[in-house]
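See structure below.
The values are calculated or read from the model by the stated rules, or taken from the named source; none is laboratory data. Since the structure is predicted, the reported quantities are computational estimates derived from the model, not experimental observations. Quick note on the areas: whole protein, heavy atoms, side chains included, nothing else; ligands and nucleic acids left out. Shrake-Rupley method; radii C 1.70, N 1.55, O 1.52, S 1.80 Å.
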Amino acid sequence: MPTPKDVLTFTERQSLEAIVSRIIPAGTDGPGALEAGCARYIESALGDAYRSLRKTYSAGLAALDSHAMSNGGKPFVALGATAQDRILSDFEQNMRVGEYGDSGTFFELVRRHTLEGMFGDPSYGGNANFAGWELIDYPGPRMYVSPQMQRMDTKPPRSRISAKQLAHGSR
């Protein structure tokens, strides 16, 4: 399996990192998608399970930069947060960018993959340090849930172990 650095170009990687950081920004409640490793998760998946989407990402990231240059005079990564949000909003609304007519599909794809990377099992390369699970207060996977842990008036103890580690008994 290729390492993440073998899949996207440097420019594509920077753009992807900027996108995920706008989809789930870091805030007072914790790390955002960038810090949780969502871009790394996506790039790794593009070299493996999502290999068939590699060209879709290249085309979408190129269109994003083209739209940023046309509207802000700079590449997407060089724009401020407000300008980046405006560009992403255009994509979310499926605005045509030159010959590229799939901006809405591309935005939804990146959004969905960002959510996978943020809240999925860390064994897939995202959700670094269980950032997504912390954000939603997910206690973690369990092989067994006792009656005490099922009570509505108590919080189950956190299990900071991935489902893969749990199933294979490794830490």
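Quick notes on this one:
- Share of pairwise Cα-Cα distances greater than 19 Å in the stretch 117-171 is 30 percent (whole percent).
- Residues in the chain average 56 Å² of solvent-accessible surface per residue, probe 1.4 Å, ligands and nucleic acids excluded.
- Kirkwood hydrodynamic radius (C-alpha pairs) into Stokes-Einstein, the chain, 25 °C and 0.890 mPa s, D in µm²/s: 142
- Mean separation of Cα contacts under 8 Å, 6 or more apart, over the residue count of the chain: relative contact order %: 21
- Against the chain, whose longest principal axis comes from its Cα atoms, helix 10-23 is set at around 60 degrees.
- The chain, accessible surface, carbon-and-sulfur percent (1.4 angstrom probe): 54
- Lysine pair count for the chain with Cα-Cα distance under 26 Å and sequence separation of 8 or more or different chains is 5.
- Per-residue ³J(HN,Hα) for the stretch 55-61, Karplus 6.51 cos²θ - 1.76 cosθ + 1.60, θ = phi - 60°, Hz, x for Gly and Pro: 5, 4, 5, 4, 5, x, 5
- Comparing Val145, Val20, Val77 in a Gaussian network model of the chain, where Cα atoms under 10 Å apart are tied by springs, the biggest mean-square fluctuation is seen for Val145.
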